[in-house]
């Protein structure tokens, strides 16, 4: 009788060990599958990060181009304004020089000619924008 019980216990132990081995294999497979899934997720995250990085670089480049464009247009505008101011200043200096010449001229015809030159230069100066 003890032999029968002993045989049953050994059989149950083998059955239990087999069960644990099957469970261990399943858990390991699940772990491997989870690890593979994690690797896939990591790869997916890496791909997402690469895409995000490329998008950020593209956005940064677009902003830089826009900033350069704005900067160039501001510089051009300032240069144009400076050029216009220089022309106005040059014309004003010519007008002032002619007026100083008029101070010593007593001939009316020469004064009229100088006044016409002054009027012409003042019109030019007024048209500069």
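Things to note:
- A single member of 116, 101 is at pLDDT below 95, surrounded by 10 or more Cβ atoms within 10 Å (Cβ to Cβ) and over 21 Å from residue 129 (Cα atoms), and it is 101.
Residue-wise test of (1) more than 30 Å from residue 126 (Cβ to Cβ); (2) in a helix (DSSP H, G or I); (3) modelled with pLDDT of 80 or more; (4) under 54 Å from the mean Cα position of the chain (by Cα).
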{"residue": "8", "(1), (2), (3), (4)": "yes, yes, no, no"}
{"residue": "20", "(1), (2), (3), (4)": "yes, yes, no, no"}
{"residue": "33", "(1), (2), (3), (4)": "yes, yes, no, yes"}
{"residue": "45", "(1), (2), (3), (4)": "yes, yes, no, yes"}
{"residue": "57", "(1), (2), (3), (4)": "yes, yes, no, yes"}
{"residue": "66", "(1), (2), (3), (4)": "yes, yes, yes, yes"}
{"residue": "69", "(1), (2), (3), (4)": "yes, yes, yes, yes"}
{"residue": "87", "(1), (2), (3), (4)": "no, yes, yes, yes"}
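- Filter result for residue 92 (part of a helix (DSSP H, G or I) and surrounded by fewer than 11 Cβ atoms within 10 Å (Cβ to Cβ)): no
The values are calculated or read from the model by the stated rules, or taken from the named source; none is laboratory data. As the structure is a computational prediction, the values presented were derived from the model and not from experiment. As a convention, Cβ positions derive from the backbone with ideal geometry for all residues, glycine included, and neighbour counts pool all protein chains shown.
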